[in-house]
């Protein structure tokens, strides 16, 4: 099937037909027990955005990062929490997270179960930046967040 | 909270805090028992795309239509079927549907339960067109699809 054709990608227990479970990132290692599934990705040139699924195992987390492009996130599995600059929010199935440009953010599967979410981003986007200690100190005063983040 | 700020929108049984259940469309009436929730919409000007949730009651359907902009769809509730030009596919929770430009499409909650799905579209997009009988006849030869579509 041509990748630009309409299609249904069948799912089975958070796996999708023909979609590989991939390494989360290859250029950094400030994350733990998280994988990436590119559901509708760069192969579909008619799309201006990409639809990915991320799954974090209990105790794992995504990289602490910020970037100019925003994220639209819908939780579809389990629960956990998300750091958004100076706040940490509990999240669970069907909650929606908007991550605005330059927000320091990190997802945590800290509720003893998987945390899985759909994350949509612009096809053309800037690379994430890992905030250094100076940036963290200037932006984050909450002790709860400082205790939560993994660098 | 400023709408362009990062935020979590909490969900509760397919309702979202501060998000209205809206009419599906106001300019046509070729649909049945379907509602729209704008989760991350035009108020967030930093987003180049919009994240909506649609829910169809058992027996209902979306409008039969086509347009230039593509759709990225993730089913998050129940099951049903989707017409994609000359094919009809069963769909259920967590299946992903890519609807390419100009595909004639229609969602049906035809499995005796709600069908709910996240649908992401470009912020700037063309208006849907309802295909007339001539277009339908030229594009659709499958009797199964012809029996399924509701005009």
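For region B:101-116, the condition holds for no residue, the condition being that it is part of a strand (DSSP E or B), within 16 Å of residue A:48 (Cβ to Cβ), touching a strand residue (DSSP E or B) at 6+ places or on another chain (Cβ under 9 Å) and within 11 Å of chain A (Cβ to nearest Cβ). Residue A:7 falls short on exactly one of the conditions (1) at the interface with chain B (Cβ under 7 Å from one of its Cβ atoms); (2) out of contact with any strand residue (DSSP E or B) (no Cβ under 8 Å at 6 or more places or on another chain), and that condition is (2). For region B:10-27, the set of residues classified as more than 27 Å from residue B:127 (Cβ to Cβ) and outside any loop (DSSP other than H, G, I, E, B) consists of B:11 only.
Per the conditions (1) within 12 Å of chain A (Cβ to nearest Cβ); (2) surrounded by 21 or more Cβ atoms within 10 Å (Cβ to Cβ); (3) under 24 Å from residue A:75 (Cα atoms); (4) in contact (Cβ under 8 Å) with a residue 40 or more places away in the chain, the sole criterion not satisfied by residue B:46 is (2). What tally of residues in region A:95-126 results from selecting those that are over 14 Å from the mean Cα position of the chain (by Cα) and within 18 Å of residue A:34 (Cβ to Cβ)? Qualifying residue count for the region: 4.
Scanning region B:31-43 for residues that are more than 9 Å from chain A (Cβ to nearest Cβ), more than 10 Å from the chain's Cα centre (by Cα) and assigned to a strand (DSSP E or B) gives B:32, B:33, B:37, B:38. Only one of the numbered conditions (1) within 9 Å of another protein chain (Cβ to nearest Cβ); (2) out of contact with any strand residue (DSSP E or B) (no Cβ under 6 Å at 6 or more places or on another chain); (3) in contact (Cβ under 8 Å) with a residue 24 or more places away in the chain is violated by residue A:58, and that is (1). Considering only residues that are part of a strand (DSSP E or B), more than 9 Å from chain B (Cβ to nearest Cβ) and either without any contact (Cβ under 8 Å) to a residue 60 or more places away in the chain or surrounded by 23 or more Cβ atoms within 10 Å (Cβ to Cβ) (or both), which ones fall in region A:74-100? Correct list: A:78, A:79, A:80, A:83.
Quick note: the coordinates plus some simple rules give every number you see, no bench work behind them. Computed from a predicted structure; not experimentally measured. Note: ideal-geometry Cβ built from the backbone for every residue, glycine included; neighbour counts use all protein chains shown.
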